[in-house]
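Have a look at the structure below, then the notes.
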Amino acid sequence: MDQPPLTPMSLRALLGRIAHEWESRGRIFDLMSARIWMPDPEIDLSFDFLGRRAATPIGPAAGPNTQMAQNIVLAWLGGSRVFELKTVQVMDDLDIARPCIDMQTIGYNIEWSQELTVAESIDEYVKAWMMIEILKRWEPLRDFVGVDSGPLVFDMSVGYDLEGISSDKVRTFIETMMDASERIEALRSEIPEPFGEFRDLDFPTRIADTLTLSTFHGCPPDEIDAIVRHLMDEHGLDVIVKLNPTLLGFDNVESLLHDTLGYDDVTITRDAFDADLQFDRALGLIEELGEHADSLGRKFGIKLSNTLVVKNERGWMPDDPMYLSGAPLHVIASTILDRLVTALPGTFDLPGEDGTRIVSFSAGVRKENLADTIAMGVGPVTMCTDLLKQNGYGRLVPMLKELTAEIASSGHRSLAAWRMEKLAQARAAGYRDWVAGHVASIVNENIGLYNKEGNSKKPREVDSKLQMWGCVACNLCVTVCPNDAFVKLPSPEHLADEIGGRWQYVVFAELCNYCGNCLTFCPEDGYPAEIKPRLWLDESRFVGAAGEGQGFRLVATDDGFVPIAAEGWESEVPTLTAVISGDQGVPIRATDV
Ligand SMILES: Cc1cc2nc3c(=O)[nH]c(=O)nc-3n(C[C@H](O)[C@H](O)[C@H](O)COP(=O)(O)O)c2cc1C
């Protein structure tokens, strides 16, 4: 099936959707109010990110969860306060093969770069920034986000070589993120009611001035060195280098994956490891780039880790190689951290080390290991795989609650004080620090969280064929969609028997990129992205995609939307009209389109 480009919704449509959903069903982008993070005034979860304060230490990692404005807002509502934005690069017209996300057990993907153009990415980040600034202050949300939702950080991510990063396109991206005043001015007039009072808001114009460099597999060390210097020297940025798990070396990774964790179905190749940064060179690089940062008065850190390149022997996604994330990556990344701390004592900003280089961490973090991970002193802890599982962004609040409870039960009131106690506990148990203790625990008493046996349960299946109307109404397609393309609408009472079930599901076709995640999680037999009604707002896109199955264009009129069907689907128009027109109907307002 031809892939129409992912088409962002306008700021007006998104804010209108927020207002409509909140008013009609007490949700925002389908996130229920119980999954909106309300900070606990007794427990301070804030931390220092390259000299900036962030109110919680968690957030979405660069990936599908930070590509579109609505996703970033969802992550903020869930309590994220650091956002590693989707990697932007000069080649911004890529064709990504589909499906590109496979979260059946651990995590695999072939989605190796942003799908939007650089100009669209800028707008998505500016729109997300403006929406968060508005929602922070929006009276109806006060009881859900608190009077002070706390500081947050947008962290840019760019890749993948010096030539691309020095190009006019990427330079403009970085400069706009550092001073977005023009884009903000241009977007102000799009702010609809009931947010009119914010049209004159003094939005901070510096959206980001830190950057995490995504080093793709095979990026030579000299190139990494030159890119970081360029970003610091030319742009005045504080920089984190995202390292690859290949740093641990082929034999170590193979032994961990196969012998320790039992992933006998995962194949890695020696070439991929030989082409990547080697451990000893990484030590030199960390020291040299740290010194360079110091000489400029800038800050420098590392991130562990990017995904692991593996052979695609599953055949579910079309490209080879593919990239592994999730549980096993946690063991590899934590082991690398342990070795780096041993090799570079006093370098990292971790309890007991007292260095200055922060360690950002993303590798198989989920509710069950968040506190143990954070206790290592790493921060932020960002996630991708976990947010692509059942409940999606709704998984964040339970994580933060558990972390808060753990700190509270220790008798401490801040992350920093609690971490010092964890250090003392690790030392009392005979470890150098909590990092060493954590590495021991994840291959011993906690191995079930990380090994193949503990991660082989597949999503539930039921014996029925997915239909356009009616289904088991599990809501999974809504929560696992990284782009929030699905919405759930109540069945009109008079049609409930005829079309089956209390709930109906429709897809905003322009937000769906056939990533495959709803196909993985839907318990019925069928691909929700293809089978459920696909709604188009843009006429030109609809005409081009009309042959794509059950497409319907929503034509905005004074009385709401009127659907026009693609050829062959005309008979469904009355049902669709009834479904989208109820009180809790389609959450886009015709007046905003
Ligand atoms: C579907 C998908 C897309 C990703 N895209 C990017 C990207 O654009 N840039 C990047 O630096 N990392 C990307 N990553 C890697 C994540 O940012 C993260 O480092 C990695 O997945 C490990 O974290 P996790 O185990 O929580 O997923 C992607 C990961 C996934 C699963």
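The values are calculated or read from the model by the stated rules, or taken from the named source; none is laboratory data. Just so we're clear, the structure is a prediction, and the values are computed from it rather than from any experiment. Neighbour counts run over all protein chains shown; Cβ positions are idealised from the backbone, glycine included. Areas reflect the complete protein model, heavy atoms only, side chains present, ligands, DNA and RNA absent. Shrake-Rupley method; radii C 1.70, N 1.55, O 1.52, S 1.80 Å.
The single condition among (1) closer than 28 Å to Pro192 by Cα; (2) within 16 Å of the ligand (Cβ to nearest atom) that Lys127 does not satisfy is (2).
Considering the range 380-424, the residues that are surrounded by fewer than 21 Cβ atoms within 10 Å (Cβ to Cβ), under 20 Å from the mean Cα position of the chain (by Cα) and charged (D, E, K, R) include one that is farthest from Thr66 (Cα to Cα), namely Lys401. Just to verify a result, which residue in the range 361-379, among those that are over 12 Å from the mean Cα position of the chain (by Cα) and within 12 Å of the ligand (Cβ to nearest atom), is surrounded by the fewest Cβ atoms within 10 Å (Cβ to Cβ)? Going through the qualifying residues, I end up with Arg366.
Could you say which residue among Val88, Val82 is over 16 Å from Cys384 (Cβ atoms), within 16 Å of the ligand (Cβ to nearest atom) and open to solvent by less than 10 Å² (accessible area, probe 1.4 Å)? The conditions single out Val88. The number of residues in the range 280-314 being away from the ligand (no atom under 16 Å from the Cβ), over 15 Å from Ala333 (Cβ atoms) and surrounded by 15 or more Cβ atoms within 10 Å (Cβ to Cβ) comes to 11.
Please tell me if Thr105 is of a type in the set (S, T, N, Q), within 16 Å of the ligand (Cβ to nearest atom) and over 30 Å from Gly196 (Cα atoms). Considered against the rule, which asks whether it is of a type in the set (S, T, N, Q), within 16 Å of the ligand (Cβ to nearest atom) and over 30 Å from Gly196 (Cα atoms), Thr105 comes out as yes. Restricting attention to the range 229-271, the residues that are open to solvent by 20 Å² or more (accessible area, probe 1.4 Å) and either in contact with a His (Cβ under 7 Å, 6 or more places away or on another chain) or outside the structural domain of Met177 (by TED's automatic domain parsing) (or both) add up to 2. The numbered conditions (1) touching a residue at least 60 places away in the same chain (Cβ under 8 Å); (2) within 30 Å of the chain's Cα centre (by Cα); (3) open to solvent by less than 40 Å² (accessible area, probe 1.4 Å) are all true for Ser456 except (3).
Yes/no per residue for (1) closer than 27 Å to Thr385 by Cβ; (2) touching a strand residue (DSSP E or B) at 6+ places or on another chain (Cβ under 9 Å); (3) not assigned by TED's automatic domain parsing to the domain that holds Thr260:
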| residue | (1), (2), (3) |
| --- | --- |
| Asp280 | no, no, no |
| Ile286 | yes, yes, no |
| Met322 | yes, yes, no |
| Arg339 | yes, no, no |
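Within the range 158-170, does at least one residue satisfy the condition of being outside any loop (DSSP other than H, G, I, E, B) and of a type in the set (Ser, Thr, Tyr)? Among the residues of the range 158-170, at least one is outside any loop (DSSP other than H, G, I, E, B) and of a type in the set (Ser, Thr, Tyr), which makes the answer yes.
Among residues of the range 294-309 that are closer than 30 Å to Arg270 by Cβ and at pLDDT 95 or above, those with a Cβ under 8 angstrom from a residue that is open to solvent by 60 Å² or more (accessible area, probe 1.4 Å) and more than 9 Å from the ligand (Cβ to nearest atom), sequence gap 6+ or separate chain, pair up as Gly301/Asp349. Consider the range 315-360 and keep the residues that are among the aromatic types (Phe, Trp, Tyr) and within 16 Å of the ligand (Cβ to nearest atom). The one that is surrounded by the fewest Cβ atoms within 10 Å (Cβ to Cβ) is Trp316.
Against the definition (farther than 19 Å from Thr117 by Cβ and either within 16 Å of the ligand (Cβ to nearest atom) or polar (S, T, N, Q) (or both)), how does Glu23 come out, yes or no? Write out each step before concluding.
Numbers: farther than 19 Å from Thr117 by Cβ: yes; either within 16 Å of the ligand (Cβ to nearest atom) or polar (S, T, N, Q) (or both): no.
Considered against the rule, which asks whether it is farther than 19 Å from Thr117 by Cβ and either within 16 Å of the ligand (Cβ to nearest atom) or polar (S, T, N, Q) (or both), Glu23 comes out as no.
The criterion of at least 3 residues that are surrounded by fewer than 16 Cβ atoms within 10 Å (Cβ to Cβ) is met by the following helices (runs of 4 or more DSSP H) wholly inside the range 506-593: 539-545. The condition of being open to solvent by 10 Å² or more (accessible area, probe 1.4 Å), touching a residue at least 40 places away in the same chain (Cβ under 8 Å) and within 16 Å of the ligand (Cβ to nearest atom) holds for only one of Ala61, Ala97, that being Ala97.
Scanning the range 257-272 finds no residues that are touching a Gly at 6+ places or on another chain (Cβ under 7 Å) and modelled with pLDDT of 95 or more.
Could you tell me whether any residue of the range 6-23 is at pLDDT 95 or above, closer than 28 Å to Leu403 by Cβ and among the small types (Gly, Ala, Ser)? No; the residues of the range 6-23 include none that is at pLDDT 95 or above, closer than 28 Å to Leu403 by Cβ and among the small types (Gly, Ala, Ser).
For Glu406, the stated conditions do not hold, so it cannot be described as touching a residue at least 24 places away in the same chain (Cβ under 8 Å), away from the ligand (no atom under 16 Å from the Cβ) and not in a helix (DSSP H, G or I).
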